[in-house]
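Right, one structure below, let's go through it.
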Amino acid sequence: MLYQVVIPAAGQGKRMKAGMNKLLIELQHQPVIIHTLKVFEQDDDCRGIIMVVNEAERPLFVELLKKFGIKKVISIVSGGIERQHSVYNGLQAVKEGEIVLIHDGARPFIRLEKIHELVKEAQEHGAAIPAVPMKDTVKKVRNGMAEETVERSSLWAVQTPQAFRVSLVLEAHKRAQEEGYIGTDDASLVERMGKKVKIVEGDYRNIKLTTPDDLLFAEAILSLKEAR
Ligand SMILES: Nc1ccn([C@@H]2O[C@H](COP(=O)(O)OP(=O)(O)OP(=O)(O)O)[C@@H](O)[C@H]2O)c(=O)n1
Ligand SMILES: C[C@](O)(CO)[C@H](O)COP(=O)(O)O
């Protein structure tokens, strides 16, 4: 099943404390964003990539696409203040088609098999997202004190790519925009419309590079891949 993918890459990377967009940090001589894009570039089922970037970084990203031979990018649109705004802008560039994936540029370790599983589940359910069972205990904290321990067995840590029927996610984003609702992921916008979202078991290695320690884990994952 063919799909298109929106890659939000217009963040500032504040938590990474690198003083630059963390997607431009090099891992094994390749920027993070190129690791991510190459997964979709090599997938015959990927009809096109829509990148969402900071206007100031557009020339830089265009240069990188050329340097690393990324040819499947069909559109580069401007990002917004929040991730959701960036995704919304990216969705406006999606061409006629049934399924669209929304995948953080900061998650370079997504595997093709998982992408295809998510596309298939989205075709059946309308929406499908990867998630992994929480390994730590989670508590609600108020004023630095533990307030409530959340029952862990039903808690999952959600990842991307999040896969949707195009019409469903467009409607969800439009409504959220009209109602001034900001969610931390795209599936939450679909859920708030009362639609079901299928959970697909994810991969603990599909990390989002967010803080400096994540780069250590990323280097280890790449070394393991190389050793194979
Ligand atoms: N306004 C924004 C915010 C985030 N993103 C993208 O959404 C993905 C997930 O966001 P996050 O990990 O939070 O990235 P940043 O917002 O850059 O990180 P921080 O919150 O630490 O600044 C990243 O690929 C990021 O580039 C985006 O396109 N537009
Ligand atoms: C979409 C996401 O990656 C799912 O876990 C996450 O919510 C993004 O959060 P961020 O703060 O925008 O990185």
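Can you name every residue in segment 134-177 that is open to solvent by 40 Å² or more (accessible area, probe 1.4 Å), within 30 Å of L112 (Cβ to Cβ), of a type outside the set (S, T, N, Q) and away from ligand 2 (no atom under 14 Å from the Cβ)?
Scanning segment 134-177 gives K135, D136, R165, L170, E171.
If you go through segment 66-91, how many residues are closer than 21 Å to Y3 by Cα, surrounded by 15 or more Cβ atoms within 10 Å (Cβ to Cβ) and among the hydrophobic types (A, V, I, L, M, F, W, C)?
Residues that pass the stated criteria total 6.
Say we look at segment 94-110 and pick out the residues that are more than 16 Å from ligand 2 (Cβ to nearest atom) and over 11 Å from R165 (Cβ atoms); which of these is modelled with the highest pLDDT?
Top of the filtered list is V94.
Could you give every pair whose Cβ atoms fall below 7 Å, whose first residue belongs to segment 203-218 and is more than 18 Å from R111 (Cα to Cα), and whose second residue is open to solvent by 40 Å² or more (accessible area, probe 1.4 Å), counting only separations of at least 6 or pairs across chains?
From segment 203-218, the pairs are T210/R15; T211/R15; P212/K17.
Kindly check whether there is at least one residue in segment 31-48 that is surrounded by fewer than 19 Cβ atoms within 10 Å (Cβ to Cβ), farther than 23 Å from N89 by Cβ and within 12 Å of ligand 1 (Cβ to nearest atom).
Checking segment 31-48: not a single residue is surrounded by fewer than 19 Cβ atoms within 10 Å (Cβ to Cβ), farther than 23 Å from N89 by Cβ and within 12 Å of ligand 1 (Cβ to nearest atom).
Residue by residue through segment 67-89, note down the ones that are touching a residue at least 60 places away in the same chain (Cβ under 8 Å) and within 16 Å of ligand 2 (Cβ to nearest atom).
G79, G80, E82, R83, Q84, S86, V87, Y88
Where the second residue is within 13 Å of ligand 2 (Cβ to nearest atom) and in a loop (DSSP other than H, G, I, E, B) and the first is open to solvent by 40 Å² or more (accessible area, probe 1.4 Å) and lies in segment 181-199, which pairs have Cβ atoms under 8 Å and are six or more apart or on separate chains?
That search, which allows pairs on different chains as well, returns I182/E82; E191/V197; R192/G183.
Please go through segment 1-17 and pick out each residue that is more than 10 Å from ligand 1 (Cβ to nearest atom) and either farther than 19 Å from I110 by Cα or modelled with pLDDT under 95 (or both).
M1, the sole residue that qualifies.
Of all the residues that make up segment 189-221, how many are within 19 Å of the chain's Cα centre (by Cα) and more than 14 Å from ligand 1 (Cβ to nearest atom)?
14
Given (1) in contact with a Pro (Cβ under 7 Å, 6 or more places away or on another chain); (2) in a helix (DSSP H, G or I), where does E117 come up short, assuming only one miss?
Failing condition for E117: (1).
The values are calculated or read from the model by the stated rules, or taken from the named source; none is laboratory data. Since the model is a prediction, treat every value here as computed from it, not as a measurement. Heads up, the Cβs are rebuilt from the backbone with ideal geometry, glycines too, and the neighbour counts pull from every protein chain shown. Calculation scope for accessible area: heavy atoms of the full protein, side chains included, ligands and nucleic acids excluded. Shrake-Rupley method; radii C 1.70, N 1.55, O 1.52, S 1.80 Å.
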